[in-house]
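Have a look at the structure below before the remarks.
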Amino acid sequence: MRYNFSETEKKWQKRWEDEKIFVADDSDKTKKKFYGLVEFPYPSGAGMHVGHIKAYSGLEVISRKRRMEGYNVLFPIGFDAFGLPTENYAIKTGIHPRKVTDDNIVRFTDQLKRVGFSFDWTRTIDTTQEDYYKWTQWIFLKMFENGLVFRDTALVNYCPHCKVVLSNEDSQGGKCDICHTDIVQKSKDVWYLRITEYADKLLQGLDTVDYLPNIKMQQVNWIGKSTGAFVNFKIANRDDSLRIYTTRPDTLFGVTFMVIAPEHPIIEKYRDSIKNIADLDAYKEECAKKTEFERTQLVKEKTGVKIDGLSAINPINNKEIPIYISDYVMMGYGTGAIMAVPAHDERDYDFAKKFGIDIIEVIKGGNIAEAAYAGDGEMVNSEFLNGLTNKKDSIAKVLEYLEEKGIGEKGVQYKMKDWAFNRQRYWGEPIPIVHCPVCGMVPVPYEELPLKLPEVSNFEPGEGGESPLAKIDSFVNCTCPKCGAPAKRETDTMPQWAGSSWYFLRYIDPHNDKAFADKEKLDYWMPVDWYNGGMEHVTRHMIYSRFWHQFLYDIGAVPMAEPYAKRTAQGLILGPDGDKMSKSKGNVVDPNNVVDEYGADVLRVYILFMGDYASAAPWSENSVKGCKRFLDRVAGMADMIKGEGVTPALESAFHKTIKKVTGDIEELKFNTAIAAMMTLTNEIYDNGGLTKDEMKIFVKLLCPFAPHLSEEIWEALGEKGFCSLAEWPTYDEAKTVDSMVEIAVQINGKLRGTLMIPAEISKDDALATVKNDEKIKPFIEGKTVIKEIFVPKKLVNLVVK
RNA sequence: GCGGGUGUGGCGGAAUUGGCAGACGCGCCAGACUUAGGAUCUGGUGUCCCCGACGUGCAGGUUCAACUCCUGUCACCCGCACCA
């Protein structure tokens, strides 16, 4: 069959859309369902690149297969369109972000449609539309109502280039996630979401879901739960104490000094009694100036200053110990103060060596003259703990003591911080809060949502880092919804991650104006059965959205705690040069060019054939041609049809291929599934043709990968309806096995030949056949066979001497 | 430093979990058809001192048999990073 791919592809895309065959149907709630989710794109000006296509192709194939297997399938797409790149572009060009966004969405939509994805386009969402962000604001207010939103003046991560406050997640490695400028610490009014309150639930929830192991691991590390103890150290000659957190309370007898973070409030509190306050101030200033880079580079070299005028009492033995300030203790973790046990902590050891502080061994097993010892061992120099050899026992015993004496207690800490949830920017969801001089922070009433973004002509943020909205008097000035007094609106907007934290719920009921989604529909479609996306979202979007969803579950708004039953990730597509694709390197492949030159089916097949779906692989134009050749050969098979029914020589090959393709798709092993179809194609050509029934099976297998060609052949075969909705082929296990198999014959483990024998042959018969084989005889003649190994359908190995 | 992962032909990658290493595709070589081929078809293609041996980062080990298991080691990639 000869076919013009560009015409054919357009023809089928139009038919699919006209006949609405990919529109998710939830009228029959008893039918089995499949909700496949891919991360919706940010519609940037650069358009999509082939990496986007790969990200969607995995679940595209799964979703198409599910439809053929008779499921109600929900496979939606939308646009995560609020955010800085669009706003920065608007500032640069003077074009309104609304227009920029709309134009980009049109372009992205066109690109996606040209690839022939089976998305349900009737459910498309755009996070910047009022009827969408109304519900983002609604969820925010629900969180506010439930005490999960608070405001604090804090040292925050601030990007001097973007003029915006960033969350920890958005400033990993000390760089702004958007422009990669070094972030600085700045004191600001910040809105927080109390995600730490959900830290344990986020951790425990992982036990109930099917995520790839490395995804779970990254989330566990990110949450960073540690168990230990809080201990109060008295400050000598003051009626006050210094509270610390430790994971090793069993080493309390080894404490020889304390260290507090440079920003620790106790310095201000006792300012007047600290004799070397000038030195401390100088040190503090030095620390504040250090960039993240300098701090990580200088990890080895400890710095600090001893506080002259304050000392502490170790509560376990009443010994007086000095207090130091040092930037190796962070204000943001634990209590900002530590007890230092130089004998058993590497950092404390370095510090003690540098400042000439005592080192007392309390756990045997190392050589503390040389290095800190963090391993297990017998307790010494520790009074009532002496002799214990197990960390668990000593910790239990010391905790008992601390609690009994009221000087400390068991405690838990997380690395995860509360989520800094505001941006001083225009292109985001306005935070629906009013500041009233009488009532304080007052939520905008639900019936007034959405709180719309006002029209603005200048999007430039203020020099002091205030939002462009602050300049709009008509937006800022309002009356308090509670008491009616003149009040001012919050002018910050939500971060980019807000809209994507619940979008998968909106797909379920995208046009509902009474609720974010209908309860019954949520019951039917949730949870997402399979979610695929990039590894870069594992510690941000994934954690954020799990948090929001667990909160919605707690207030009874969704039917289960965990939103995603299964999560996988695709690998990157690298440029032809093996480097990461980027505009600056000029190695970006535009999917439109590939579609124009080879067709959408070739693009789809190549992207899934190029390698392991989860691994990175470089683009290769030549391999694209190989896939084109394969599809041309498939088209050619339509001219090789001989009758109906089964071709005996191909029967087993067909059953094997159905089995292989069916199984491989479920494991995301698309490359080997395609390879199996290529192999079958070669066998069909070797055989000189196939029957019409076999051709039908073939195109059904191929349909999820190359749907346009499959539909075209399906139609040419005289079939009614769509191949995309045809029943997925089944196989007969008995027919996947051959009656004759080729086995390997080894002598002393070395391959000496192969032999065709019946598959169900007995061990004795197999050995007899092998020993009588002319090629094998010379190897055993005159020798003694001392061992005979027979693996059915695989090999015979004779050990001879 | 901690955590996770990966090392297989000229290239992308397979290998039913201990059983013929290199499926499938690219590239390359030879031939056919062609005025022509960057089209198509046929055959070949791990390496070498080529009737034999050697080969899955490297060095050992277990086994009749190891890409696969064990011990050690090297290299690269990705997270987190003074987390007390």
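The values are calculated or read from the model by the stated rules, or taken from the named source; none is laboratory data. Treat the numbers as computed from the prediction; the structure is a model and nothing was measured. All Cβ positions, even for glycine, are placed from backbone atoms using ideal geometry, and neighbour counts span all protein chains on display. Ligands, DNA and RNA are stripped out before the accessible areas are found, and what is left, the full protein with its side chains, is counted by its heavy atoms. Shrake-Rupley method; radii C 1.70, N 1.55, O 1.52, S 1.80 Å.
Among the residues of segment A:186-224, those identified as more than 9 Å from RNA strand B (Cβ to nearest atom), more than 15 Å from the chain's Cα centre (by Cα) and not in a helix (DSSP H, G or I) are A:Lys186, A:Ser187, A:Lys188, A:Asp189, A:Val190, A:Trp191, A:Tyr192, A:Leu193, A:Arg194.
Taking segment A:663-695 as the range and being surrounded by fewer than 21 Cβ atoms within 10 Å (Cβ to Cβ), over 19 Å from A:Tyr606 (Cα atoms) and either more than 10 Å from RNA strand B (Cβ to nearest atom) or not charged (D, E, K, R) (or both) as the test, the residues that pass are A:Gly663, A:Tyr685, A:Asn687, A:Gly688, A:Gly689, A:Thr691, A:Lys692, A:Asp693. Exactly one residue out of A:Arg15, A:Arg64 is basic (Lys, Arg), in contact (Cβ under 8 Å) with a residue 12 or more places away in the chain, within 17 Å of A:Asp120 (Cβ to Cβ) and crowded, with 20+ Cβ neighbours inside 10 Å, and it is A:Arg64. Pairing residues of segment A:328-348 that are in contact (Cβ under 8 Å) with a residue 12 or more places away in the chain with residues that are open to solvent by 10 Å² or more (accessible area, probe 1.4 Å) and polar (S, T, N, Q), at Cβ distances under 6 Å and at least 6 apart in sequence or on separate chains, gives A:Gly334/A:Gln413; A:Met339/A:Thr246. Residues that are at pLDDT below 95, small (Gly, Ala, Ser) and open to solvent by less than 30 Å² (accessible area, probe 1.4 Å) occur in segment A:467-475; there is at least one. Taken over segment A:724-756, the residue count meeting the criterion of being in a loop (DSSP other than H, G, I, E, B), more than 9 Å from RNA strand B (Cβ to nearest atom) and not hydroxyl-bearing (Ser, Thr, Tyr) is 7.
Matching residues to (1) open to solvent by 30 Å² or more (accessible area, probe 1.4 Å); (2) over 26 Å from A:Ala352 (Cβ atoms); (3) among the β-branched types (Val, Ile, Thr):
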site: A:Gly366; (1), (2), (3): yes, no, no
site: A:Ala369; (1), (2), (3): yes, no, no
site: A:Asp376; (1), (2), (3): yes, no, no
site: A:Ser382; (1), (2), (3): no, no, no
site: A:Thr389; (1), (2), (3): yes, no, yes
site: A:Asp393; (1), (2), (3): yes, yes, no
site: A:Met416; (1), (2), (3): no, yes, no
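Tell me yes or no: at least one residue of segment A:491-512 is under 23 Å from A:Tyr553 (Cα atoms), open to solvent by 10 Å² or more (accessible area, probe 1.4 Å), at pLDDT 95 or above and more than 26 Å from the chain's Cα centre (by Cα). Within segment A:491-512, one or more residues are under 23 Å from A:Tyr553 (Cα atoms), open to solvent by 10 Å² or more (accessible area, probe 1.4 Å), at pLDDT 95 or above and more than 26 Å from the chain's Cα centre (by Cα).
Against the numbered list (1) in contact with a Pro (Cβ under 6 Å, 6 or more places away or on another chain); (2) part of a strand (DSSP E or B); (3) among the hydrophobic types (A, V, I, L, M, F, W, C), A:Val165 comes up short only at (1). The set of residues in segment A:37-53 that are of a type in the set (A, V, I, L, M, F, W, C), part of a loop (DSSP other than H, G, I, E, B) and either modelled with pLDDT of 95 or more or open to solvent by less than 10 Å² (accessible area, probe 1.4 Å) (or both) comprises A:Phe40, A:Met48. If the condition is being part of a helix (DSSP H, G or I) and in contact (Cβ under 8 Å) with a residue 12 or more places away in the chain, then segment A:441-458 contributes A:Tyr446, A:Glu448. What are the residues in segment A:199-227 that are surrounded by 13 or more Cβ atoms within 10 Å (Cβ to Cβ) and over 30 Å from A:Ala614 (Cα atoms), if any? Hit for segment A:199-227 is A:Ser226, nothing else.
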